[in-house]
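Please read the structure below before turning to the comments.
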Amino acid sequence: MKTSVQRYRATNRLRKSFKRQVVSSKFLVPALVICTLIVLACIHVWQSVYVMGLLREVNVLEKENSLLQNKVKKSRADIVELTRLNRIDSLAVGKLGMSKVNFDNLFTLISDRPASAPDGIDEVVGSLKKFAEHLPVISESRAETGEIFDEK
């Protein structure tokens with residue numbers, strides 16, 4: 001009977017599919033644990049590399065930002081230097097030949113026109129009036145006689 005039991009077990013093993021053999025194997029759980037640990041280690045390494053790349057980008061951008069801030073400070077200092085009153089006076093006298101004027105020689109011009117904010121409407125109306133002066137005038141009597149292009 002011992003041989004028949006062994007033959008039965010052998011045929012039963014052949015009938016089991018590969019999937020059943022793997023599931024019933026004693027190495028399945030340790031293999032899954034090892035695979036999980038390897039995947040988690042790979043994710044950790046990838047995350048570290050990604051974070052290091054982001055840190056490099058942040059450092060580059062911070063350096064660029066500090067360079068730009070230094071340029072802004074230098075530009076503001078240049079503006080202050082160029083707008084000094086002593087420098088403007090020396091350029092006006094030296095290069096342009098201007099001289100200082102006494103208060104006795106100063107005159108104030110007063111305009112008779114009312115001070116209004118230039119909104120441009122007066123200019124538009126004026127230009128439309130000029131345009132209208134050059135438009136041909138056609139009346140019914142001139143249109144009937146064919147004198148459309150005659151002078152006024």
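The values are calculated or read from the model by the stated rules, or taken from the named source; none is laboratory data. If you're wondering where the values come from, they're calculated on a predicted model, not measured in any experiment. Cβ coordinates were reconstructed from backbone atoms using ideal geometry, including for glycine residues, and neighbour counts include every protein chain displayed.
When Leu61 is tested against (1) aliphatic (A, V, I, L, M); (2) over 24 Å from the mean Cα position of the chain (by Cα); (3) surrounded by 10 or more Cβ atoms within 10 Å (Cβ to Cβ), just one condition goes unmet, and that condition is (2).
Restricted to the range 77-131, and to residues that are assigned to a loop (DSSP other than H, G, I, E, B) and among the small types (Gly, Ala, Ser), which residue is modelled with the lowest pLDDT? Step through it out loud before you land on a result.
So in the range 77-131, the residues assigned to a loop (DSSP other than H, G, I, E, B) come out as 83-84, 95-102, 106-120.
Next cut, among the small types (Gly, Ala, Ser) only: 97, 99, 111, 115-117, 120.
Details: Gly97: 87, Ser99: 84, Ser111: 77, Ala115: 63, Ser116: 63, Ala117: 58, Gly120: 75.
That would be Ala117.
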